[in-house]
1. Can Glu147 be described as surrounded by fewer than 12 Cβ atoms within 10 Å (Cβ to Cβ) and more than 30 Å from Asp79 (Cβ to Cβ)?
2. Are any of the residues in region 134-143 aliphatic (A, V, I, L, M) and in contact with an Asp or Glu (Cβ under 6 Å, 6 or more places away or on another chain)?
3. Look through region 62-95, keep the residues that are assigned to a loop (DSSP other than H, G, I, E, B) and within 22 Å of Thr204 (Cβ to Cβ), and return whichever of them is nearest to the chain's Cα centre (by Cα).
4. Looking at region 83-124 only, could you name the residues that are of a type in the set (A, V, I, L, M, F, W, C) and farther than 30 Å from Cys169 by Cβ?
5. Give me the residue from region 157-171 that is out of contact with any strand residue (DSSP E or B) (no Cβ under 6 Å at 6 or more places or on another chain) and at negative phi and, out of that set, surrounded by the most Cβ atoms within 10 Å (Cβ to Cβ).
6. Got a sec? Which strands (runs of 3 or more DSSP E) wholly within region 108-210 have at least 2 residues that are among the aromatic types (Phe, Trp, Tyr)?
7. Are any residues in region 156-202 closer than 19 Å to Lys144 by Cα and of a type in the set (Ser, Thr, Tyr), and if so, which ones?
Amino acid sequence: MNPNKAGGGDGGRDGGSSPTADAGDNLMRVQAGRVDPRGAASVARGGGPLGSRIARTSPGPSGLLDDANRAIIESLQRDGRLPYGTIADEVGLSEAAVRRRVQRLREAGVMQIVGVTDPLQLGFHRQAMVGVRVEGDVRLVAEKLSELEEVDYVVMCAGSFDLLVEVVCEDDDALFRLLNDSVRSVPGVRSTESFVYLKLAKQTYSWGTR
């Protein structure tokens, strides 16, 4: 839900290029689920290469999730900078086939490979989850809030709030200005309640595939 730590490697390892090298960025962790985002291939559990079983699994809701793609995703969830050659050895495909599959998964929105940072080290010392109650069309309010630079996550939900909005700010003054001048001025926002983060206890993107 927020900027996070993640794994990494480089294209020089094992003599193969990697998803991050092809993307041209210092990319770190796969997020598959928030591309919203959120049966595992046997290779991810130590079951061996999947080349002989690729066609056996149903493709899943995206139409892309056969056994090999599930294994590729789970490998990248563990380390988003794994070279294509290493992934190919794990799933029993050629390096070129893995590269094509990763590209298709990214283009289809099944996963992202992103550089996840520590906000504190970048000068953002205040994070909060803001519960928003809405009058009118929740989708319109969600769209407007999503345009705010400080907002990194917006979800429409059931319960006492219509929207949950995660924000990352430099300090408390910046958070106050964001809430007072930006969030509460969006048409349709009836009320807000802010939950300021004190300490991160757990965060992971390694939930596998289904």
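The values are calculated or read from the model by the stated rules, or taken from the named source; none is laboratory data. Model, not experiment: these values are computed from the prediction. Don't worry about glycine lacking a Cβ; one is built from the backbone with ideal geometry, like all the others, and counts go over all protein chains shown.
1. Yes.
2. Yes, that holds for at least one residue.
3. Residue satisfying both the conditions and the ranking: Gly80.
4. Of everything in region 83-124, those that are of a type in the set (A, V, I, L, M, F, W, C) and farther than 30 Å from Cys169 by Cβ turn out to be Ile87, Ala88, Val91, Leu93, Ala96, Ala97, Val98, Val102, Leu105, Ala108, Val110.
5. Glu170
6. Hits in region 108-210: none.
7. Those that are closer than 19 Å to Lys144 by Cα and of a type in the set (Ser, Thr, Tyr): Ser182, Ser185, Ser191, Thr192, Ser194.
One line per residue, one yes/no per condition, for (1) within 30 Å of Gly188 (Cβ to Cβ); (2) at pLDDT 95 or above:
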position	(1), (2)
Val98	no, yes
Arg106	no, no
Val110	no, no
Pro119	yes, no
Leu122	no, no
Met129	yes, yes
Glu143	yes, yes
Asp152	yes, no
Ala158	yes, yes
